Amino acid sequence: MDSFLIKGGVPLHGEVNISGSKNAALPIMAATLLTDEPCVIRRVPDLSDTRFMVKILESLGAQVKFENGTLTVRAKKIKGYADYELVRKMRGSICIAGPLLARLQKARISLPGGCIIGARPINLHLKGFEALGVKIKIEGGYIDATVKKLIGSSMFLGGRAGPTVLGTANVMMAATLADGITVIESAACEPEVVDLANFLNAMGAQISGAGSPTVTIVGVEKLHGVEHEVIPDRIETATFMVAAGATDGEVTIKGGRAEHLRAVIDKLSEAGVAVERRGADMVVRRKGKLKPVDIATLPYSGFPTDAQAQMMALLVLAPGISIITERIFESRFMHVSELARLGAEIEIEGPSAIVKGGKPLSGAPVMASDLRASAALVIAGLSAKGSTQVNRIYHLDRGYERMDLKLKKLGARIQRVQEK
Ligand code: EPU
C-alpha cells in the first residue's frame, strides 16, 4: 500500500490542469453498453476507478481500448451478469444496471453493499426500474432484474437526503430505449447527470430537462455510437482551490468550470480565499486572514458533500468556530479523528462537526479512510509544520489523477512511498 510523505509549510504556486470528471466518466462508460456501435470518450481520467470500470465492461463482453485519456468501447455482444467480486470493489458499478436492462431486458448484479461513508442503499434505483415495469428479485446477495419490454412512466426519485445521482443516471439510461415517455421527478441536477444526458442525446436519445428536477425521456428504438468529451472534474478543481487557500499560495486553475462550483467559490470567499476568473482560468489566493464559515452539504447546486472534508482541512486553520453539517451521507466524518492527529480541534455533534480553528497544525502519520478524506489529509499535511505521512493512498488513487505529480509541479514537497 503506497503512502504520501509530505513536508508541509510550502505555499503552492503555479498552474494546475484539471482532469476529466470521475463521476461523469463512470456512468458515461456504462452508457456505452446501450449500443453495439463503437463509442469514443475523450478526457477520461486515468484512475483506479475508471480502470476498474474498464474491467467491468470487458467482463460483460465489450472490447475496450484506453490510451492517453481516450477510451474506445465496442459492446457488440454482451452478457447481463456482473458478480460480487467486481461490484463490491466499486459502488459506482451499479450504473451498469440501467444499460443492461435497456439492451438485454435483464440484469443480474451483485448488491453493492455499503461503504465507509454510509449505508448507501439502492432502493431508489430499484423503485425507478420497477416504475418502468422491471420485476426485481433479491436473492443470495444479487439483484435479479428482468422485464419483457421497458415501458415509460412517471416516477418520483427523491429520497431521505434528496435526489440520487447514480439512481437518476441509471433510470435515465434504462428509459432511453423504453416504449413511451418517462418523467423523473426530483431528479438529481448534478453537472455529471447533464453530461450523461448530453452523451445519451448524442447517441440518439431524446432527453430534456437534465440539470433540472424534472427530466423527460422519450424512448427511442435504437442508439448509435458517438464521440464525446467528459466535463472537467469539479471536485478535483475544488480540492486544488482549497489547497491553494490552505497553504496561502496562489494557484491558477486551468480547464475547470467556475459555473459548476458556485457554492464552493462562495464559501471560499466567505472564508477569505478569493477565486478570480481570468479568461478561461481561475486564480485562487487568500484575501486577508482566514475566517470561520458555516457549511451544510446539499444536493447540487448546494455545497457538495465530496468537497466537505477538504473544506474542513481549510477551516481548521481559520481562527474561530466553523460548523460543518453533512446532510448527504451519515458517516462522512472519518477524517475528523485523523485531522485531530495533526492538532486540529473538532467535535462531532450529530450530523455536524464543530471546528475550533486557528491552531497551527503539525505533521503526523495519518490514515486515509476514503477518497475525499484522503484529499483532506493531504491538504492538512501541506499546510502543517513538519512531516506528514498519509497512509493508504490507494483511496486517493481511485479518484485523483496523478495528484502527487500535480502538487509537485505547484512546489509541494510530496513524495509517493511505495511499499514492497
Ligand atoms: N440514497 C438512497 N437510496 C438510493 C440511492 C441513494 O437513500 O437508492 C441516498 C444515499 O444514501 C445518500 C443520498 O441518497 O444519502 C445521495 O446518494 P446518491 O445516490 O446521490 O449517491 P451516489 O449516486 O451513489 C454519487 C457520487 C458520490 C457522491 C454522491 C453525492 C459517483 C460514482 N458517486 O454517488 O461520489 O458523493 O453522488 O453527490 O458518481 C466521491 O466521488 O467521492 C463520491 C462518493
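Where a number appears in this text, it was derived from the coordinates with a stated rule and is not lab data. Please read all numbers here as calculations on a predicted model, not as lab measurements. Glycine also receives a Cβ, built like all others from the backbone with ideal geometry; neighbour counts cover every protein chain displayed.
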Order by neighbour count: 345, 338, fewest other Cβ atoms within 10 Å first, most last. 345, 338
Of 77/148; 22/356; 76/406; 7/65; 65/127, which ones are farther than 28 Å apart at the Cα? 22/356; 76/406; 7/65; 65/127
Give the angle, between 0 and 90 degrees and rounded to the nearest 10, that separates the Cα long axis of helix 371-383 from the longest principal axis of the Cα atoms of the chain. 20
Run the numbers for residue 291 and residue 65: contour at 0.36 nm per residue of separation, minus the present Cα-Cα distance, in nm. 76.6 nm
Using a basic spin-label model with each label point 7 Å from the Cα along Cα→Cβ, how many nm lie between residue 347 and residue 254? 4.7
Give me the mean projected area, in nm² to one decimal, of the convex hull enclosing the Cα positions of the chain. 18.5
Residue 270-residue 330 FRET efficiency (beta carbon distance; Förster radius 41 Å; 0.05 resolution): 0.95
Normalised contact order of segment 22-229, rounded percent, pairs of Cα under 8 Å and 6 or more residues apart: 21
Per-residue HN-Hα couplings for segment 325-331, Karplus 6.51 cos²θ - 1.76 cosθ + 1.60 at θ = phi - 60°, whole Hz, x for Gly and Pro? 10, 9, 9, 9, 10, 6, 10
Convert each backbone phi in segment 36-42 into a coupling constant with the Karplus relation 6.51 cos²θ - 1.76 cosθ + 1.60 (shift: θ = phi - 60°), then list the ³J(HN,Hα) values in order as whole Hz, x for Gly and Pro. 8, 8, x, 10, 10, 10, 9
With angles folded into 0 to 90 degrees, how steeply does helix 48-59 sit against the dominant principal axis of the chain? Use alpha carbons for both and round to 10. 20
Can you run phi through the Karplus equation (6.51, -1.76, 1.60; θ = phi - 60°) for segment 153-163 and list ³J(HN,Hα) in whole Hz, with x for Gly and Pro? 7, 9, 8, 10, 10, x, x, 3, 10, x, x
Would you grab the residues whose amide H sits under 5 Å from the one on residue 178? Only those 5+ places off in sequence or on another chain, please, with H modelled 1.01 Å from N. 220
Once you keep just the Cα pairs under 8 angstrom separated by 6 or more residues, what percentage relative contact order results for the chain? 22
Between residue 85 and residue 51, with labels modelled 7 Å along Cα→Cβ, what's the label distance in nm to one decimal, could you check? 1.8
In terms of modelled amide H atoms, which long-range or inter-chain residues lie less than 5 Å from the amide H of residue 317? 358
